[in-house]
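Report on one structure; see the data block that follows.
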Amino acid sequence: MAILEVRDLHKSFGSNNVLKGINFDLEEGKVLSIIGSSGSGKTTLLRCITSLETAEKGKITVNGNVVFDSENIHKLTKEEIRKNRLSVGLVFQSFNLFPQYSVIENVTLAVKLQAKNRPDYKKNKKQILDEIDKNAMEILAKVGLAEKRDSYPCQLSGGQQQRVSIARALAMKPDILFFDEPTSALDPELTGEILKVIKGLAADDMTLVIVTHEMAFARDVSDHIIFMDDGVICEEGTPEQVIVNPTQERTKAFLSRFQQ
Amino acid sequence: MFRQRAQVLCLFVTYERYLDMFLEVTLDLLTGFGKTLEIFALTLLGALPLGLIIAFGSMSKFAPLKWLVKTFVWIIRGTPLMLQLIVIFYGPGLVAAWAQDMPNPNGLVQWLASWEVFERMTAVLISFIINYACYFSEIYRGGIESISKGQYEACQVLGMTKAQTFFKVILMQVIKHIIPPMSNEIITLVKDTSLARIIAVYEIIWSAQAFIKSDGLIWPLFYTGAFYLIFNGLLTVLFGKIEKKLDYYHN
């Protein structure tokens, strides 16, 4: 069963139609990369799935839960939308860490707030919080930042900040983790460390959706590639099919710009 | 020799008389300054939270509320606090007198006729709190709007509620941002308390002026400056400390 189903998704900003009917499925444990030129709707697609934007038409299902359905939109309360968001994680292009909190606090803040809803929270408070800290340290170790636990974001390099933001998203234990151009705000020499972390997650069989301009990386890490152009999926398939042997003219034109 | 001794004694007596007078003036001014501090503290207590509410109003997505609040802030910031003080103090009495003279009073007019004049201190607090809340609201608004959209989106994606987002993430950043303009405004408030004198509230300027009438002394008025200076000095040090404390991170 597909962990993510997107059906006939439409979104426009004013008279600008950004998404013109997007359909795709993603199987659990697979890595999907979405490529395409700026303005093709990749980021908007991600923002619609993570409920940062509300689409106009279509249906989105994450792990069996309907996250968005234009036929039934009024049935979703704000609280339900908030709960639905917990099944997806998003890593931003510009990190968006909380500057006043240390690395470990950034990673644990939302998890600790979430834990307050547990029925046994009052009784086992200390144990629950210790558990969260321990889990956060394991995740920080995974992204190679265990020794930075008490640093503040302003003391870290861009690559380190992005790894903290990946750890923060992972701590929520999402079903699917989305990346919105995770290396675009970084100096070229810092992109490698992020790509390495993402490869590690893919090796752990996490379901990932990555919007990226790193073609070589997308080819290496992805099970499936979607090439978007002007609000529609122009071509999709394995990396082999889309990046190595594209059939559509627009895909070829787009890729040729990267090979120069 | 006898004469010399008398002179010394005389000098001493004069000196003692000045010292007595100085102490008396100081004590009187301290009493007045107590009132000054009371106006200062109660205004802050009311205006700091009220300013936040006004700030939310001026950022409301509901256009009529937004424009109503913005117009109100414009009026309050666009007219002198002294004038507002006079309106709050004398206004209700004038309205009541006018309503009482109406030939055929309806319910509204009867209600207006029942208006009573505020106590002096109440009038001061109402006008000061409203005035400073409007200034604070603009500072809050600037602070809140300076927070990038990404901070809110990060909270949203992490499943935080609106209240958690504001109190756990946004507020601390806003506070750091607004400390410098806030300290400016608060120091201005210390000095603005002297406006209460216009409706005869016994704050420090009023108590110093009393010496002109009773003893023909002008210097107690000059002396009040020392009280303001020392208190504002303390506030400056305090705000410096808070700024330094929040200096552990940068946005």
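What follows is calculated from the coordinates using simple rules that are stated; it is not laboratory data. Being a predicted model, the structure only gives us computed values, none of them experimental. As a convention, Cβ positions derive from the backbone with ideal geometry for all residues, glycine included, and neighbour counts pool all protein chains shown.
Side notes on the structure shown:
- 222 nm mean residue ellipticity, helices alone, for chain B (DSSP H n ≥ 4; -39,500 (n - 2.57); rounded to 500): -27000 deg cm²/dmol
- Theoretical FRET efficiency, 1/(1+(r/R0)^6), r = Cβ-Cβ of residue B:5 and residue B:212, R0 41 Å, to 0.05: 0.65
- The Kirkwood hydrodynamic radius of the protein assembly as shown, based on inverse pair distances between different Cα atoms, is 28.3 Å.
- A Förster radius of 35 Å, combined with the Cβ-Cβ distance separating residue B:60 from residue A:252, puts the computed FRET efficiency at roughly 0.10.
- Pairs of Cα atoms nearer than 8 Å and 6+ residues apart set the relative contact order; for chain B it is 26 percent.
- Peptide A:92-101 is shielded by partner chain Cβ atoms: per residue, an average of 6 of them sit within 10 Å of its Cβ.
- Taking a ≥ b ≥ c as the square roots of the eigenvalues of the alpha carbon gyration tensor, the range B:1-155 is oblate, as a/c is not under 1.5 and a/b does not beat b/c.
- Given charges at Cβ of Lys, Arg, Asp, Glu: chain A dipole, positive-most of A:97, A:111, A:68: A:111
- When the range B:71-221 is described by a simple charge dipole with +1 on each Lys and Arg Cβ and -1 on each Asp and Glu Cβ, the residue from B:83, B:221, B:148 located farthest towards its positive end is B:148.
- Remark: spin-label model distance residue A:205-residue B:111 equals 7.1 nm, labels positioned 7 Å along the Cα→Cβ axis.
- Computed over the range A:1-145, the convex hull of the alpha-carbon atoms projects to a mean area of 11.4 nm².
- A Förster radius of 25 Å, combined with the Cβ-Cβ distance separating residue B:53 from residue B:122, puts the computed FRET efficiency at roughly 0.75.
- Proximal lysines relative to residue B:213, as straight alpha-carbon distance under 30 Å, when same-chain residues fewer than 8 apart are discounted: B:35, B:191
- In this rough spin-label picture, where each label sits 7 Å from Cα along the Cβ direction, the residue B:200-residue A:25 distance is 8.7 nm.
- For a label point 7 Å along the Cα-to-beta-carbon line of residue B:100, residues of the range B:111-140 with backbone N under 19 Å: B:111-120
- Where GluC sites (Glu not before Pro) fall in DSSP loop in the range B:95-141, at most 10 other Cβ within 10 Å: B:116
- Lys/Arg +1, Asp/Glu -1 at C-beta; chain B dipole; positive extreme among B:14, B:132, B:4: B:132
- For the residue pairs A:123/B:176; A:59/A:142; B:149/B:245; B:149/B:176, the alpha carbons lie more than 29 Å apart in A:123/B:176; A:59/A:142.
- For the range A:133-260, a crude dipole built from +1 on the beta carbon of Lys and Arg and -1 on the beta carbon of Asp and Glu, taken about the Cα centre, is about 340 debye to the nearest 20.
- Over the range B:114-210, the Kirkwood radius and the radius of gyration, each from Cα atoms, give a ratio Rg/Rh of 1.19.
- DSSP-loop chymotrypsin sites (Phe, Trp or Tyr not before Pro) across the range A:73-108, with at most 11 other Cβ within 10 angstrom: none
- Diffusion coefficient, µm² s⁻¹, Stokes-Einstein with Kirkwood Rh over alpha-carbon pairs of the range A:6-55 at 37 °C and 0.692 mPa s: 282
- Tail beyond 16 Å, pair distance distribution of the range B:67-113 (Cα, percent): 55
- The separation of the range A:1-73 from the range B:28-46, counted between C-alpha centres, amounts to 60 Å.
- From the alpha carbon centroid of the range A:110-175 to that of the range B:81-152 is 48 Å.
- For the protein assembly as shown, DSSP calls about 60 percent of its internal beta bridges antiparallel.
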